[in-house]
Amino acid sequence: KDRKGNTQGQEDQDKEYVGFATLPNQVHRKTVKKGFTFTLIVAGESGLGKSTLINSLFLTDLYKDRKVPNAEERINQTVDIVKHTISIEEKGIKLRLSIIDTPGFGDAVNNTESWKQIEDYIDQQFEQYFRDESGLNRRNIQDNRVHCCLYFISPFGHGLRPLDVECMKALHEKVNIVPILAKADSLTQAEVFRKKMKIREDIKHFGINVYQFPECDSDEDEDFKKQDQILKDSIPFAVIGSNVQVESKGRKFRGRIYPWGVVEVENPAHSDFLLLRNMLVRTHMQDLKDVTRETHYENYRAQCIQNMTRMVVQERKRRKMKRYTSLTHSVISSLTKLRRMQEVLERIQEQMQHSQRGGY
Ligand code: GDP
């Protein structure tokens, strides 16, 4: 109670409200109405289970019409860029999810620069956004910028292969790379642990900047902090994918049946699949978008503006030089004319003197 004997609750009720307490609701309603978009690119050697994992992650069948090329077709294959878009709705919230697939990656005999198409695709989306943003119709911009790249690493190698290193280095300044250790069911627990360590070492050794999870706020509760640490320690996510539902012990789940047992895709003891899905969808989707906008796109934009400024300065210099050259030319031609006139004058003078002398 205060000095007048009012209770705190009474005082709150008596207070006049301007109404800005509804701001979060207004923002929420507007964003929900607009819907959310998220664009994900998958990269890595074919056969590592990329399509299967995407289907498992978003509970869809995105690859119904897929045609896998034979060995002959793959010898000189270039990387294709295929975009699949699906709209998912959950509790009234709409999400337009775009998955960019890169069939043919690492398939050809010579794979130098096979990441070039991926790099170009990411740049093109930035370029389009930059144009739209600087254009007239800024209200209805379609944002196709790539927010995340799931990079699949083979479970059969020893850490990163040269192609992985080159590709990640070509992309790490342009997109949030999330490394994935594919087909984790082909490894024992100890092997998963060792491979993860080796991949983390390689990432550090080759100076690759993979997506960094944001620091956890100090006022978050202990449980949240623990989950956050588990997530950070799990990189690269060791995943298992499956397109089929398995029935075992009265339960139905996505899994893989082997002669010696069944692996469950969503069982945390079997793989990091759930951690990855929660990270992508529940906890870090917005951060991935923010980093794309604030870091990767900003870098691109700054670079563009720098190049444009450089071009303007060069053009100005060129014009100045042109003007100077044409001025020099006209001065030279005037001087030449003068010189010629002077010569003519001298000749006339000479002739006059000659004829005067002849007159005597
Ligand atoms: P992509 O070429 O990278 O898209 O690979 P696919 O998704 O087409 O998978 C290639 C093969 O690997 C298929 O036979 C899948 O059934 C199998 N596969 C996919 N995910 C896994 C997995 O997590 N573990 C195992 N052992 N096999 C998988």
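Against the chain, whose longest principal axis comes from its Cα atoms, helix 189-205 is set at around 20 degrees. Comparing Met197, Met285, Met308 in a Gaussian network model of the chain where C-alpha atoms under 10 Å apart are linked, the largest mean-square fluctuation is found at Met308. Using a probe of 1.4 angstrom and keeping all protein chains present, the accessible surface of the chain works out to 67 square angstrom per residue.
With a simple spin-label model that places each label point 7 Å from the Cα along the Cα-to-Cβ direction, the separation between Val244 and Phe224 comes to 4.2 nm. Once the C-beta distance of Ala21 and Asn267 is scaled by a Förster radius of 45 Å, the resulting FRET efficiency is 0.55 to the nearest 0.05. Using the empirical formula 2.2 N^0.38 Å as the baseline, the Cα radius of gyration of the chain reaches a ratio of 1.64.
The alpha carbons of the stretch 190-299 give a radius of gyration and a Dmax of 17.0, 53 Å, in that order.
Working from the Cα coordinates of the stretch 100-214, the gyration tensor eigenvalues give, after taking √(5λ), semi-axes of 32, 16, 13 Å in decreasing order.
Assign unit charges at the C-beta atoms only (+1 for Lys and Arg, -1 for Asp and Glu), then state the dipole size of the chain relative to its Cα centre in Debye, rounded to the nearest 20.
1700
In summary, the lysines within cross-link reach of Lys204, defined as a Cα separation below 26 angstrom excluding same-chain residues under 8 places away, comprise Lys50, Lys116, Lys169, Lys174, Lys183, Lys195, Lys196, Lys225, Lys226, Lys232, Lys289. Here is the P(r) of the stretch 299-360: all C-alpha pair distances, binned every 10 Å from 0, give 18, 19, 16, 13, 12, 9, 7, 4, 2, 0 in whole percents.
Local charge sum around Arg96 (other residues, Cβ-Cβ under 14 Å, Lys/Arg +1, Asp/Glu -1)?
On the way: positive: Lys33, Lys34, Lys83, Lys94, Arg145, Lys289; negative: Glu89, Glu90, Asp143.
Charge balance in the 14 Å sphere: +3.
Between the amide H of Val246 and those of Phe253, Arg254, Gly255, distances stay under 5 Å, these residues lying 5 or more places away or on another chain, with hydrogens modeled in the peptide plane. Mind checking which of Thr31, Ser134, Gln124 is farthest towards the positive end of the chain's charge dipole, using Cβ charges of +1 (Lys, Arg) and -1 (Asp, Glu) about the Cα centre? Most positive-ward Cα: Ser134. Could you give the angle, 0 to 90 degrees to the nearest 10, between helix 23-34's Cα long axis and the longest principal axis of the Cα atoms of the chain? Here the helix axis deviates by roughly 80 degrees. Calculate how steeply helix 298-359 sits against the longest principal axis of the alpha-carbon atoms of the chain, using the helix alpha-carbon long axis, and give the answer as 0 to 90 degrees to the nearest 10. Its long axis makes an angle of about 10 degrees.
The values are calculated or read from the model by the stated rules, or taken from the named source; none is laboratory data. Just so it is clear, the structure is predicted and the values come from calculations on it, not from any experiment. Glycine also receives a Cβ, built like all others from the backbone with ideal geometry; neighbour counts cover every protein chain displayed. To get the accessible areas, we keep the full protein, side chains included, count just its heavy atoms, and leave off ligands, DNA and RNA. Shrake-Rupley method; radii C 1.70, N 1.55, O 1.52, S 1.80 Å.
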